[in-house]
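In what follows, a single structure is set out as structure tokens and then discussed.
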Amino acid sequence: MKRSLAIILATLFVLMSFTACSVEDIIGGLFGPKLRINVPEETLQAELGSFDLPKYQVVDEDNLIKAGYKVIVKKAVDPNGNEVTVAYNKINAIIPGVYTITYGVEEGKVKDADLKVEFADRTAPTLDMKEDALPKYYIKDMQYGLPTYSLSGDPDLEASYIKVYYMAELNGEKAEVEVVDGFFTIEHNTGIYQIVIHAEDAAGNVKEYSFNVEATGPSEVVEGKVLYSDEPFGVSQLSFLWNVWSMEYSTEKAWGEEAGSIKVTAPSGGGDYLILSKLIQKDVSEYDELVLRIYNANDYPVYTGYAWFGDTVLEPNAWTELVWSLDDIDIKGSHPSVAALKPTSKNLENFSLRLWDDFATNTVTAGSEFYISAMFAKKQDVTGPSEVKDDVIMYFDEPWGYYQGISGHAIVYKLSHVTDVKYGEEAGSLKVTLQRGKEGNNYILQNPAITDISNYDYIEFYVYNPNQASVALQIAGCDAVTCAPGEWTQVRFMVEQMKEGATDANGFKVKMTDITNLAIYLNTSNLVAGESIYFSQMKAVDDPNMGGNGSDEPTGVEVDDLVSRLDVPTKVYQDAASTEYVTDVKFGEDEGSLKVTANATGEIYVTIRNYELMNIASYEYLTFRVYNPTDHDITVGVCWWADTVCKAGEWTEIQVPVDAFAVGKIDDLYTGADILPSNISGLSLRVLGGHQVGESIYFSHMYAHKTETNLGVTSGSADLGTLTSPEGKEGNYLSRGTEGGWSTLYSRSDEIAEFGHEFDMVTINGKLNADGYVGRVCSPYINGNVNKISFSYGYANTEDGNISLTVNIRMGGKVVASKVINDTGIEKYQIMDFVWELEEPIEGRFMIEIVNNSPTQKADGNKDRISIWNIIWE
Amino acid sequence: MKKLRFILLMLLIFSMVLPLTACPDPDDGDDDWGNSGGGGKGKTLTIICYEGGFGTLWLNDMAKAFESAYDCKVVVKKSYINGELIALLNDNSINDDIVMALGSMDAAQNRGLLVDLSDVYNATPEGENEAIKDKMVQAIYEKLLTEDGKIYQMNWANSISSLVLNKTVLDRIFPEGYKVPNTTDELIAFADAIKAKGVYPFSISTSISYWDYAHWTWWAQYDGYQKYTDYYYGIYHTPDGQRVKDTEGKVLENQGRLEAVKVAEKLLKKENGYLHKYADSMTWQESQIAFVGQGYAGQDMTECAMMVNGDWLQNEVQSYLIQKNQELVMIKMPIISSIVNTLENKNMTDAELSAVIDAIDAGETSYPGVSQKDFDRLVEARRMVYSATFDHCIGVPAKAKNKELAKEFLKFMASDMGQAIYAKHLNGLSMAYGYEPTGTMNSFVQSRYDIVENMIPICLDFSSPLVHRQGHTAYTTGSGSGLEGSLYSGKSAEWIINDTKTTLLASWEEIMKAFEEK
């Protein structure tokens, strides 16, 4: 028996030596206090997701912690019995239900313990909304959109919602406000609007996030009215910086027809500032100045100004009108104590007003009282110059000058009229302030007092540059003028030079007979933001020493040459309209008009197919009229320019500047390529909007307008060597134009040189094009007379040896003489000459046209091609 | 007695052996629970993150979880100005330990302003059995890996962008069903069909360049990934397939560029009528609001069927979906139809191309009648997805005070534990570190995961020194209206390409000097 006990003990010791136990463990386990891990018996509750595993200790029966044990998490099992990963002392619980987390000691003999944790989604979705998602207050009669926000934590979008309520007072009865398409209208100027975001997830967890926004507002919102001091609401718009003074709405004093004013009292004297803290219209950048009246109800003068500029004296016991330039505020605006708060014309909030009678202390006498009127943002009240002068183009020396022009890019320059900087005896100047540093831009003469300067020699004005760096001014075509720092510089732009290159801001040529929108480029790239230059009065000068410019003006006649009758069925983009040439509605001497009937309310594009004149490079503008028989306005232009409102029941003229073609403003609708003035085939008319389905409008014939100076011409030749197009003169059979105004259709010019001839020629195709084109050569309109036409032709590529051409002379688009050439048995490289002695000379404005008659009338292959060169008329 | 002596002997032996065995440590003073905790005790880690479409609530929670795991303090700061963090980083004037920015850190990386994060990528997060570099999206990893074998950036979003459908609208207007377009020709036909139903095919704001996600992908599909990427590195592919340094700007004539913009021109040109009427008036958020059925400013309530957008979209429009729930799904960008010009079989019809794409989507590895070379070419194209992942960049500034703790945070962020926190906040979205949340996802997030799998990321490659040093770019439009604005106003694809060519060629010599800069 004793031997058996010894063997048992020995075995025990041997086992001990291989296990991680101490004597104390063994003895304790067998004979000592019972140790356990103090995992709670109750089931914990936790939120699904990342879970920090609690830390536990080994304790004895008295719950005293036993040192020396390292309790670890042995495993964690999800409700489905699957072991889950333990990492970073956390588990990621993704399945709702009870997880079992088994704790044990790393070394030692203590029984494992299970922690039960019931995971569930118990948390409602979390709201993420920016602080500025809601306004500080809602203003009566204005419409607001619901705020933008997001919910995280698997929100149920069907169950979640947002509602708006109105409460007459805080915690009062709620009335739901109707929200339509995300917008709601404020109907009260008192009380509280409450935005409630109901966040709910699929587990039914709900949280409502509520935000209160105060309703406020004047009796009526007035455009441009900044401070409503003439009614009690005005008091809520103002605050004091230090609350030393007090204010109240008062009817004791009122400016003009106003009902009352805000009475400001300085009971104990001292200094303070009035601050515009609640504005309905923050952005007054469309205006020029702020106007406010203050009644100084004291027997001594008081000074006022906005911090820190614009100081003005308030005479005792009188109303004083204060007018502050918004330009000044943009540059000088500051908050009296918070440097970062800079009121500007874009946001007048924190605009501050100070009042003082003691310069040294910046304070007012105790008991001082003032009455403040409503404040308005206003445009300068100027409708013209004080006195019209014969030679003044821009009255920069008067307030009117400010209204005569604009900055090419509104952001770049801020314009204002000032009186503190002026040239000579002038009363003021135009101040041009750079708002963004290191750049230049145009100043546009939008409304010059003299538009026709063709009889003057130059325009002249003076520029003051008070800055450290120089600036330069230039009109395109003229020599640039540099304005040195610190002085007035005489600026002259010669009309002779301007004739060649002057443009408007779009790059369109500006005529000296009408310089409206003339652009002066101000190279202010050496200046920094906030620096200014000043313009004196701008004059047109007819310098007797220069002989007078006007005498050199060429004489000419105004002509309108037919471009297209629009009488061939036209191509309409995406069938948005149907078209028809009708004769019951027509403008002037036209035979008819193009009727366009809308099939859709969207934009309509009608591409012109037939042209009498394609090369309009020498003209000033295209012109056509639109008759709008509906009872509402419809906007019409071309693709993409000259959109013009066509009044109901009227013919409206639409002009498309030829320069618009030259600077790439007008494109081929289908290829996107720029349409060049040397050949405008592919031009599309555009009905931009205002029309309804089923309504029709009418397009007159299209003309090109210019002042014709090339009169009485008696002979000439086609300059086919200058044929060009975006593809050059070679390549595909396309439309092309020459420098001299000739144009070709369905043509190219590349085939002859290889046979040893260097003709300036054109090959016109006779294949029936899918779009209805046949090859054609066309002269410009010529003002003179013609007796004979001759040309050479040949190098034909014929189907059966036949050639057929028609030579027409047109006047006003109508054929007045015609000759047909029919040749048979022609060989490929044969050359022939054509001479046509007209039976009767033709005088006036005529055009020569040569058309390929397409003998085979085939639409396949490239047959019926014939080359023409050496076209001469005399 | 002998037996008693035996027992005493055994006790003696035991008492001698005991100290040598692995018995419990009485108290080593370590309250470490066998995990990583304690490594940051007493330290404060500062993280600054750009507050964009993904918000930063996820980061707040991730920081708390890291604090408890590492016994440290984490301060999360936010930047609300796009570009601010990149500018500060490039100026070496950022004082935080981790920077999570929107933009490109490549300039800072090349100037040695970022810490090498190789040991983060090489680490295996706790409880996992794969290193971060192995479990993550390989295309992202490979793109970030530098030539010297080091890697300096991570990403705080694996953001993709593609074509998003408003399924609610489409289901309503096509009750008989509809086929999701596989090719751009099908997309145009689909847009025509949508237009005929009185619905805008696309919502878009021309003020933001979201269509880059489309036409860049089409370009890459057409030219192939290598040629597309080489564009940014100034490497020209000769007709016989040689890759040569492009001293003449020939890459500007890569045909895929023109083909891609031609498709964009067709869809974006105003008069073609595929876009929202107020495309050039709406802000980006207004265009998104219009897309989810809320109309434009109460003026135009016409619905929209499609929008090119990113996977942040749902987060940004969630409050509008709450007002009017719409089911959104993201689809793979249709393959550019003209890709057939690059195949061996140039006569493949668009219908055949679409059928091959269906087979690719079904997991087929070949298609009857299509050469393996052509099939593989189309597989590559189908895997291409615009990725904004690289724009959401993370770096540890070289001057950071707590570099090691920052790395631990990044390991934690890339762990499944960290990603679970991210996904919970972003309703299922995750980063590029191989975590796909279990459980139910909404259709938008699920569709995004379907696209991400095995994707080839396409983006403007800022890692090229030509791009981040010399401003080499994909397209310039001269007028400042962006490619969308230019095409919308009627400019042609050819004009876009030529304008870009003119602009970039003017400084091509300078651009190529980027390789010489240090």
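Of all the residues that make up the range A:222-253, how many are among the polar types (S, T, N, Q) and more than 43 Å from the chain's Cα centre (by Cα)?
4
Scanning the range A:470-490 for residues that are of a type in the set (Gly, Ala, Ser) and surrounded by fewer than 14 Cβ atoms within 10 Å (Cβ to Cβ), which turns out farthest from the chain's Cα centre (by Cα)?
A:Gly486
Output the number of the condition that A:Val180 fails; it satisfies all remaining conditions of (1) within 12 Å of chain B (Cβ to nearest Cβ); (2) aliphatic (A, V, I, L, M); (3) in contact (Cβ under 8 Å) with a residue 24 or more places away in the chain.
(3)
Output the strands (runs of 3 or more DSSP E) that fall wholly within the range B:241-341 and possess 2 or more residues being at pLDDT 95 or above, or say none.
By residue number, B:304-310, B:328-331.
Of a type in the set (A, V, I, L, M, F, W, C) and at positive phi - does that describe any residue in the range A:500-523? Show your work before the answer.
Going residue by residue through the range A:500-523, those that are of a type in the set (A, V, I, L, M, F, W, C) are A:502, A:505, A:508, A:510, A:512, A:515, A:518-520, A:522.
Still in the list and also at positive phi: none.
No, because not a single residue in the range A:500-523 is of a type in the set (A, V, I, L, M, F, W, C) and at positive phi.
So for the range B:442-460 (the condition being of a type in the set (Gly, Ala, Ser), closer than 21 Å to A:Glu47 by Cα and part of a helix (DSSP H, G or I)), does at least one residue qualify?
no
I'm told B:Ser93 meets every condition in (1) assigned to a loop (DSSP other than H, G, I, E, B); (2) closer than 23 Å to B:Met384 by Cα; (3) hydroxyl-bearing (Ser, Thr, Tyr) except one. Can you identify the failing condition by its number?
B:Ser93 satisfies all of (1) assigned to a loop (DSSP other than H, G, I, E, B); (2) closer than 23 Å to B:Met384 by Cα; (3) hydroxyl-bearing (Ser, Thr, Tyr) except (2).
Select from the range B:429-453 the residues that are modelled with pLDDT under 85 and within 16 Å of the chain's Cα centre (by Cα) and write down the one among them that is surrounded by the fewest Cβ atoms within 10 Å (Cβ to Cβ).
B:Glu453
If I ask for residues that are β-branched (Val, Ile, Thr) and closer than 21 Å to A:Arg736 by Cβ, which ones from the range A:672-709 would you list?
First, pick out the residues of the range A:672-709 that are β-branched (Val, Ile, Thr): A:675, A:680, A:687, A:693, A:697, A:707, A:709.
The answer is A:Ile675, A:Ile680.
Report, by residue number, each residue of the range A:686-699 that is over 30 Å from the mean Cα position of the chain (by Cα) and either of a type in the set (A, V, I, L, M, F, W, C) or farther than 19 Å from A:Gly637 by Cα (or both).
Across the range A:686-699, the qualifying residues are A:Gly694, A:Ile697, A:Phe699.
If I filter the range B:449-458 for residues that are among the hydroxyl-bearing types (Ser, Thr, Tyr) and either in contact with a Lys or Arg (Cβ under 8 Å, 6 or more places away or on another chain) or under 21 Å from B:Ile204 (Cα atoms) (or both), do I get at least one hit?
no
Give all pairs with beta carbons closer than 8 Å in which a residue from the range B:124-152 that is more than 14 Å from chain A (Cβ to nearest Cβ) meets a residue that is among the small types (Gly, Ala, Ser) and not in a loop (DSSP other than H, G, I, E, B); count only pairs at least 6 apart in sequence or on separate chains.
B:Met136/B:Ala414; B:Ile140/B:Ser387; B:Gly149/B:Ser118; B:Lys150/B:Ser118; B:Ile151/B:Ser118; B:Tyr152/B:Gly395
Here is a yes/no grid of residues against (1) farther than 20 Å from A:Gly721 by Cα; (2) surrounded by fewer than 15 Cβ atoms within 10 Å (Cβ to Cβ):
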| residue | (1), (2) |
| --- | --- |
| A:Arg776 | no, no |
| A:Gly784 | yes, no |
| A:Gly813 | yes, no |
| A:Glu840 | yes, yes |
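Given the options B:Asp171, B:Asp185, B:Asp106, B:Asp116, name the one that is within 22 Å of the chain's Cα centre (by Cα), at pLDDT 95 or above and of a type outside the set (A, V, I, L, M, F, W, C). Spell out the reasoning first.
On the way: B:Asp171 fails: within 22 Å of the chain's Cα centre (by Cα); B:Asp185 fails: within 22 Å of the chain's Cα centre (by Cα); B:Asp106 fails: at pLDDT 95 or above.
Every option except B:Asp116 fails the conditions.
Among the numbered criteria (1) at pLDDT below 90; (2) crowded, with 21+ Cβ neighbours inside 10 Å; (3) not β-branched (Val, Ile, Thr), which one does A:Ser593 miss?
(1)
Could you grab me the full set of residues in the range A:561-586 that are charged (D, E, K, R), within 23 Å of A:Tyr670 (Cα to Cα) and either assigned to a strand (DSSP E or B) or within 14 Å of chain B (Cβ to nearest Cβ) (or both)?
Here is the first cut: in the range A:561-586, the ones charged (D, E, K, R) are A:561, A:565, A:567, A:571, A:575, A:580, A:584, A:586.
Subsequent filtering for residues that are within 23 Å of A:Tyr670 (Cα to Cα) retains A:565, A:567, A:571, A:575, A:580.
A:Lys571, A:Asp575, A:Glu580 - these are the residues of the range A:561-586 that are charged (D, E, K, R), within 23 Å of A:Tyr670 (Cα to Cα) and either assigned to a strand (DSSP E or B) or within 14 Å of chain B (Cβ to nearest Cβ) (or both).
With respect to B:Ile458, determine if the residue is surrounded by 21 or more Cβ atoms within 10 Å (Cβ to Cβ), β-branched (Val, Ile, Thr), within 14 Å of chain A (Cβ to nearest Cβ) and within 17 Å of B:Gly256 (Cβ to Cβ).
For B:Ile458, the condition - surrounded by 21 or more Cβ atoms within 10 Å (Cβ to Cβ), β-branched (Val, Ile, Thr), within 14 Å of chain A (Cβ to nearest Cβ) and within 17 Å of B:Gly256 (Cβ to Cβ) - is not met.
Residues in the range A:121-171 that are of a type in the set (A, V, I, L, M), over 37 Å from the mean Cα position of the chain (by Cα), within 14 Å of chain B (Cβ to nearest Cβ) and part of a strand (DSSP E or B): how many?
Within the range A:121-171, residues that are of a type in the set (A, V, I, L, M), over 37 Å from the mean Cα position of the chain (by Cα), within 14 Å of chain B (Cβ to nearest Cβ) and part of a strand (DSSP E or B) number 0.
Is there a residue in the range A:492-499 that is modelled with pLDDT of 90 or more, of a type outside the set (D, E, K, R) and assigned to a strand (DSSP E or B)?
yes
A quick yes/no check of all residues on (1) within 31 Å of the chain's Cα centre (by Cα); (2) touching a residue at least 40 places away in the same chain (Cβ under 8 Å); (3) surrounded by 19 or more Cβ atoms within 10 Å (Cβ to Cβ):
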| residue | (1), (2), (3) |
| --- | --- |
| A:Ala673 | yes, yes, no |
| A:Ser684 | yes, yes, yes |
| A:His701 | no, yes, yes |
| A:His705 | no, yes, no |
| A:Thr709 | no, yes, no |
| A:Gly712 | no, yes, no |
| A:Asp719 | no, yes, no |
| A:Thr722 | no, no, no |
| A:Leu745 | no, yes, yes |
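Let me confirm something: among A:Ile654, A:Ile616, which residue is surrounded by 16 or more Cβ atoms within 10 Å (Cβ to Cβ) and in contact (Cβ under 8 Å) with a residue 60 or more places away in the chain? Before the answer, list the steps.
Details: A:Ile654 fails: in contact (Cβ under 8 Å) with a residue 60 or more places away in the chain.
Just a single option satisfies the conditions, and that option is A:Ile616.
If you go through the range B:416-441 one residue at a time, how many are under 18 Å from B:Gly53 (Cα atoms) and either in a loop (DSSP other than H, G, I, E, B) or more than 8 Å from every other protein chain (Cβ to nearest Cβ) (or both)?
Step one: list which residues in the range B:416-441 are under 18 Å from B:Gly53 (Cα atoms), which gives B:419, B:421-432.
Now narrow it down to the ones that are either in a loop (DSSP other than H, G, I, E, B) or more than 8 Å from every other protein chain (Cβ to nearest Cβ) (or both): B:419, B:422-423, B:426-432.
Going through the range B:416-441 one residue at a time, the tally reaches 10.
In the range A:645-694, which residues are of a type in the set (D, E, K, R) and within 13 Å of chain B (Cβ to nearest Cβ)?
Those that are of a type in the set (D, E, K, R) and within 13 Å of chain B (Cβ to nearest Cβ): A:Lys665, A:Asp667, A:Asp668, A:Asp674, A:Arg686.
With respect to the numbered conditions (1) in contact with a Gly (Cβ under 9 Å, 6 or more places away or on another chain); (2) at the interface with another protein chain (Cβ under 8 Å from one of its Cβ atoms), which one is the sole condition not fulfilled by A:Asp60?
Among (1) in contact with a Gly (Cβ under 9 Å, 6 or more places away or on another chain); (2) at the interface with another protein chain (Cβ under 8 Å from one of its Cβ atoms), A:Asp60 violates only (2).
If only one of B:Val329, B:Val379, B:Val370 is more than 11 Å from chain A (Cβ to nearest Cβ), within 30 Å of A:Glu200 (Cβ to Cβ) and surrounded by fewer than 23 Cβ atoms within 10 Å (Cβ to Cβ), which one is it?
B:Val329
Please determine whether any residue of the range A:367-381 is farther than 21 Å from A:His417 by Cα and modelled with pLDDT under 85.
Scanning the range A:367-381 turns up no residue that is farther than 21 Å from A:His417 by Cα and modelled with pLDDT under 85.
Residue pairs, Cβ under 7 Å, 6 or more apart or interchain, first in the range B:376-396 and closer than 21 Å to B:Val76 by Cα, second outside any helix (DSSP H, G or I) and of a type in the set (Phe, Trp, Tyr). List them.
Pairs found: B:His392/B:Trp156; B:Ile394/B:Trp156; B:Gly395/B:Tyr152.
Residues checked against (1) closer than 30 Å to A:Lys422 by Cα; (2) buried (at least 18 other Cβ atoms within 10 Å of the Cβ); (3) among the basic types (Lys, Arg):
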{"residue": "A:Val463", "(1), (2), (3)": "yes, yes, no"}
{"residue": "A:Arg492", "(1), (2), (3)": "yes, no, yes"}
{"residue": "A:Glu500", "(1), (2), (3)": "no, no, no"}
{"residue": "A:Leu518", "(1), (2), (3)": "yes, yes, no"}
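The values are calculated or read from the model by the stated rules, or taken from the named source; none is laboratory data. As the structure is a prediction and not an experimental result, all values here were calculated from the model. Note: ideal-geometry Cβ built from the backbone for every residue, glycine included; neighbour counts use all protein chains shown.
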